[in-house]
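S.K.: Got a structure for you, questions after.
The values are calculated or read from the model by the stated rules, or taken from the named source; none is laboratory data. Nothing here was measured: the structure is a model prediction, and the numbers come from that model. Note that each Cβ is placed from the backbone with ideal geometry, even for glycine, and that neighbours are counted across all protein chains shown. Surface accessibility is based on the protein's heavy atoms, side chains included, excluding ligands, DNA and RNA. Shrake-Rupley method; radii C 1.70, N 1.55, O 1.52, S 1.80 Å.
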Amino acid sequence: ASAQFQLAVPVAVVFAPGSVPGDLPRPLPFRDVREMENSVNLRTSITSRYETVYRSTTAQEEAALDVATAREADAALRPLQDASLGCLTVFVVPESSSLLPQGISVYVGKHRSALVRAGGGLAALRTRLQQLTQVMSFTASSIATALSDRVPDGQLGPDARRHLKSSLGYEITFSLLNPDPKSHAVDWDIEDAVNRYVQPVLDKLSLVANFSVDSQILYYAVLGVTPRFDKESSSFLLSAHSLPHVINPVEARLGSSAASLYPVLNFLLYVPERSHSPLYIQDKDGAPVSTNAFHSPRWGGIMIYNVEAPASSQASLPLHVDVDMVRVMEVFLAQLRLLFGLSREELPPEFLLESPGNEGLADWELDRLLWAHTVENVATVSTTLTSLAQLLDKIGNIVIKDDVASEVYRAVASAQSAMAKLATGHLYSAFQASKEAVTSSERAFFDPSLLHLLYFPDDQKFAIYIPLFLPMAVPILLSLAKIVREARQRKKEPTKMD
């Protein structure tokens, strides 16, 4: 189905005293609207509409900018700015400002604002704004990735199929694999690690979807590939091309995805058996991977955790191993970000991005995710309803119950509402409407009364019933023929005259 998406991004550009460029077209404040159009395919296009308000700082904002560092300014400005999802505020500070470190001209905070060093007039500022909106809201490629089902393969970047599909929920499973419990007694405090490192990220992502987390320990679960022994380093190596073969045998033991309604993310910590220790992963060039981990698109990640060999060969087995959860969680959180498409893009050297800290992702990164998921949800609804319409066209005598019809109407209304909200820049309500549209369209599509197996094509009906009726029909037809013959005979015989 065709779809014309209009995405409006509200941007406020706020000039601190001494930073107003001399070549402004009108006195402050004024509004400016820029539009860019990208066609995804012949029937789908995206119009990005940047609605910018240029104004001067208020007294409170000036006071908030009067601090020593950009990080303090970011924290002080947060309560003063528009906290709506999808809104950006750019503060322009004088060229001589010491807020930004030397050599840095753009600072992206961890909320929804950025600081830009003045200089170079309005044209230079507009270039900066364009770079910032690409970083902090969405890019043509992030939306094309969300619409990957509609985009010809050649037009997508290499990472496009890596991200998880938009879903109403996700299940995260942490598994500790101990193939050699005779040699290693492994302990991991997964509950504390999840509460401390994973939960803050999931709390932030709870806007996007529901998450459930569980953990398990699997004994005698081995990787499907035998590692190669390297004499020089006296260690065992797994090469990059053998990594895909590692997952299947392990996945058979995980057993969680079969019963799940939602996509399952698997994070595996593998403690190699004593006979294969230490075990290292090599990249394509043969160099060791620093994290000793790898991830599989839309599936999850595996980290190999080597245990130091005991100093004396007389040490009693099994060795007690306490897993360093900080090191492990750093890797798993980085993989979680990659799977959600939150990896940081390459930026010019004069850009400085604030680390989001223990929350795991900045507010604007959450917005980026919501832009992409909203567009993807609307596209999914359109595809689902088109498939449903094609099914109904095929089966002429299908019965559509009232509750199915109302789900279809609700899905269409919610999708239209999401499109309208995107066009006015209301990201949060657009996303909520798109989620409702997905729920309704799936309820209608998977309704048991619409199973096409309940309905038979006419030719099948004839094929089934004719063999049953033929034996009964033969004597009936023969007697009918006999009656017709006798009636004709009677007409031909002249009536007797007395």
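S.K.: Of Ala487, Ala63, His295, which is farthest on the positive side of the dipole of the chain, counting Cα position, with +1 on Lys and Arg Cβ, -1 on Asp and Glu Cβ, and the Cα centre as origin?
M.R.: Checking the options against the dipole of the chain, the answer is Ala487.
S.K.: Follow-up. Would you mind getting me the FRET efficiency between Ser212 and Asp23? Use the beta-carbon distance for r and R0 = 45 Å, nearest 0.05.
M.R.: 0.25
S.K.: Turning to a different aspect of this structure: Once you charge only the Cβ atoms, +1 for Lys and Arg and -1 for Asp and Glu, what is the size of the charge dipole of the chain about its Cα centre, to the nearest 20 debye?
M.R.: Computed about the Cα centre, the dipole is about 2420 debye.
S.K.: Hey, another quick one. Got a sec? Which residues in region 420-436 would a label at Glu51 touch, if it sits 7 Å along Cα→Cβ and we count backbone N under 19 Å?
M.R.: 420-434
S.K.: Considering region 365-452, what Rg and Dmax in Å follow from its alpha-carbon atoms?
M.R.: According to the Cα coordinates of region 365-452, Rg and Dmax are 14.1, 49 Å.
S.K.: Relative to the present Cα-Cα distance, how much length would full extension add between Ser387 and Phe469 at 0.36 nm per residue of separation?
M.R.: Result: 25.8 nm gained on full extension.
S.K.: Taking every DSSP beta bridge that has both residues in the chain, what percent is antiparallel when rounded to the nearest 5?
M.R.: Antiparallel bridges: around 30 percent, rounded to the nearest 5.
S.K.: Can you list which of the DSSP-assigned H helices in the chain have a Cα extent of 18 Å or more along the long axis and an average Kyte-Doolittle score of at least 0.5?
M.R.: Span-like helices here: 325-339.
S.K.: Sticking with the crude label model, points 7 Å out along Cα→Cβ, report the distance from Ala420 to Ser355 in nm, one decimal please.
M.R.: With each label placed 7 Å out from Cα toward Cβ, I get 4.6 nm.
S.K.: While we're looking at this one, here's another question. Pop a pseudo-label 7 angstrom from the Cα along the beta-carbon direction at both Glu442 and Ser316 and give the gap in nm to one decimal.
M.R.: 5.3 nm
S.K.: Something else about it: Report, in deg cm²/dmol and to the nearest 500, the calculated mean residue ellipticity at 222 nm for the chain, where each DSSP H run with n ≥ 4 adds -39500 (n - 2.57) and the sum is divided by the residue count.
M.R.: Per the formula, -12000 deg cm²/dmol.
S.K.: Take the Cβ-Cβ distance between Arg126 and Asp283 as r, set R0 to 35 Å, and report the resulting FRET efficiency rounded to the nearest 0.05.
M.R.: Working: r = 40 Å, r/R0 = 1.16.
After rounding to 0.05, the efficiency reads 0.30.
S.K.: Hey, can you rank 194-205, 374-385, 481-492, 339-350 by average C-beta count inside 10 Å, highest first? Before the final figure, lay out the partial values.
M.R.: Details: 194-205: 17.1, 374-385: 23.3, 481-492: 8.9, 339-350: 13.7.
Descending packing order for the listed peptides: 374-385, 194-205, 339-350, 481-492.
S.K.: Could you check what % of the DSSP bridge pairs in region 1-107 are antiparallel, to the nearest 5?
M.R.: Bridges in region 1-107 that DSSP calls antiparallel: roughly 40 percent.
S.K.: Output the peptides 298-304, 232-238 sorted from most to least packed, where packing is the average of other Cβ atoms within 10 Å over each peptide's residues.
M.R.: Going by the mean number of other Cβ atoms within 10 Å, highest first, we get 298-304, 232-238.
S.K.: Pull up the DSSP beta bridges for region 253-393 and report the antiparallel fraction as a percent, rounded to 5.
M.R.: 50 percent
S.K.: State whether the chain is rounded, prolate or oblate according to the following rule on the C-alpha gyration tensor (a ≥ b ≥ c being the square roots of its eigenvalues): a/c under 1.5 gives rounded; otherwise a/b larger than b/c gives prolate, and the remaining case gives oblate. Display every interim value, and only then the final one.
M.R.: Values: a/c = 3.26, a/b = 1.43, b/c = 2.29.
Taking the square roots of the gyration eigenvalues as a ≥ b ≥ c, the chain is oblate.
S.K.: Right, another one. Treating only the Cβ atoms of Lys and Arg (+1) and Asp and Glu (-1) as charged, compute the dipole magnitude of region 458-497 about its Cα centre; round to the nearest 20 debye.
M.R.: Values: 8 positive and 4 negative charges, 103 e Å.
Using only the charged Cβ atoms, the result is roughly 500 debye.
S.K.: Could you work out the relative contact order of the chain, using alpha carbon pairs under 8 angstrom and six or more residues apart, expressed as a whole percent?
M.R.: Dividing the mean separation by the residue count of the chain yields 17 percent.
S.K.: Answer with one residue from Val474, Ser414, Phe431: the one whose Cα lies farthest towards the positive end of the charge dipole of region 373-498, charges on Cβ with Lys, Arg +1 and Asp, Glu -1.
M.R.: Of the listed residues, the answer is Val474.
S.K.: OK, next. In Å², and per residue, what accessible area does region 458-497 have when probed at 1.4 Å with the other protein chains present?
M.R.: For region 458-497, the per-residue accessible area is 106 Å².
S.K.: If you take every residue apart from Leu353 with its C-beta less than 15 Å away from the C-beta of Leu353, what net charge results, scoring Lys and Arg +1 and Asp and Glu -1?
M.R.: Numbers: positive: Arg71, Lys110, Arg112, Arg128, Arg337, Arg344, Arg368; negative: Asp74, Glu345, Glu346, Glu350, Glu354, Glu359, Asp363, Glu365, Asp367.
With Lys, Arg at +1 and Asp, Glu at -1, the net is -2.
S.K.: 5 Å is the cut-off here: which amide hydrogens, built 1.01 Å from N in the peptide plane, fall below it relative to Tyr280, excluding neighbours closer than 5 in sequence?
M.R.: Phe236, Leu237, Leu238
S.K.: Heavy atoms only, probe 1.4 Å: what % of the accessible area of the chain goes to carbon and sulfur, would you let me know?
M.R.: It is 56 percent, rounded to a whole number.
S.K.: Then there's this: If you place +1 on the Cβ of every Lys and Arg and -1 on the Cβ of every Asp and Glu, how big does the dipole about the Cα centre of region 169-340 come out, in debye to the nearest 20?
M.R.: It works out to roughly 400 debye.
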